[in-house]
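Asks: Can you read through this structure? Questions will come right after.
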Amino acid sequence: MSEEFETHLQELRRGTVVLACLQLLRTAGYGYGLLEALEQRGFATDANTLYPLLRRLEKQGYLTSEWNTTEARPRKFYRTSPDGQRLADKLTEEWASLTAAIASLSDDTTSTEEN
């Protein structure tokens, strides 16, 4: 695809990564594991984007974190907080509404073209 398309696609995906993280972190996870889970689900994200996002969501109270030092390499595990779960639920509702609105635009375009 063109570079211009990739720029628009990146803008479209930017907000969805927040929602995807909040949903996936309902079960505790660490940064690298979250990167892999996001990629497996079609949300390819750069570590330089994800880690600041996790810190920001934690600072805003939407994530909590805890260090796991029982393994050879300490890892910071994140989990969606109750406020984060409420936010994720509302964002999911809004996403469904937006999806329906976009679909209706496509339907309108098709019916307009047919006339």
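The values are calculated or read from the model by the stated rules, or taken from the named source; none is laboratory data. Every value quoted in this text rests on a predicted model; they were computed, and no experiment measured them. Neighbour counts are summed over all protein chains in view; Cβ atoms, including those assigned to glycine, are modelled from backbone coordinates with ideal geometry. To get the accessible areas, we keep the full protein, side chains included, count just its heavy atoms, and leave off ligands, DNA and RNA. Shrake-Rupley method; radii C 1.70, N 1.55, O 1.52, S 1.80 Å.
Asks: Would you say residue 35 is crowded, with 16+ Cβ neighbours inside 10 Å, modelled with pLDDT of 95 or more, more than 22 Å from residue 67 (Cβ to Cβ) and not aromatic (Phe, Trp, Tyr)? Before you say what the answer is, go through the steps one by one.
Replies: Details: crowded, with 16+ Cβ neighbours inside 10 Å: yes; modelled with pLDDT of 95 or more: yes; more than 22 Å from residue 67 (Cβ to Cβ): no; not aromatic (Phe, Trp, Tyr): yes.
In short, no.
Asks: Read through the list (1) among the small types (Gly, Ala, Ser); (2) at positive phi; (3) open to solvent by less than 30 Å² (accessible area, probe 1.4 Å), then give the number of the only condition that residue 20 fails.
Replies: Here residue 20 clears every test but (2).
Asks: Sticking with this structure for a sec: Which condition number does residue 62 fail, the rest of (1) among the aromatic types (Phe, Trp, Tyr); (2) open to solvent by 50 Å² or more (accessible area, probe 1.4 Å); (3) farther than 24 Å from residue 98 by Cβ being met?
Replies: (3)
Asks: Which count do you get for residues in segment 32-75 that are without any contact (Cβ under 8 Å) to a residue 12 or more places away in the chain, under 17 Å from residue 15 (Cβ atoms) and in a helix (DSSP H, G or I)?
Replies: Residues in segment 32-75 being without any contact (Cβ under 8 Å) to a residue 12 or more places away in the chain, under 17 Å from residue 15 (Cβ atoms) and in a helix (DSSP H, G or I): 2 in total.
Asks: When you check residue 9 against the structure, is it surrounded by 10 or more Cβ atoms within 10 Å (Cβ to Cβ) and touching a residue at least 60 places away in the same chain (Cβ under 8 Å), yes or no?
Replies: Working: surrounded by 10 or more Cβ atoms within 10 Å (Cβ to Cβ): yes; touching a residue at least 60 places away in the same chain (Cβ under 8 Å): no.
It is false that residue 9 is surrounded by 10 or more Cβ atoms within 10 Å (Cβ to Cβ) and touching a residue at least 60 places away in the same chain (Cβ under 8 Å).
Asks: Look at residue 85 and say whether it is under 26 Å from residue 6 (Cα atoms) and of a type outside the set (A, V, I, L, M, F, W, C).
Replies: Working: under 26 Å from residue 6 (Cα atoms): no; of a type outside the set (A, V, I, L, M, F, W, C): yes.
Considered against the rule, which asks whether it is under 26 Å from residue 6 (Cα atoms) and of a type outside the set (A, V, I, L, M, F, W, C), residue 85 comes out as no.
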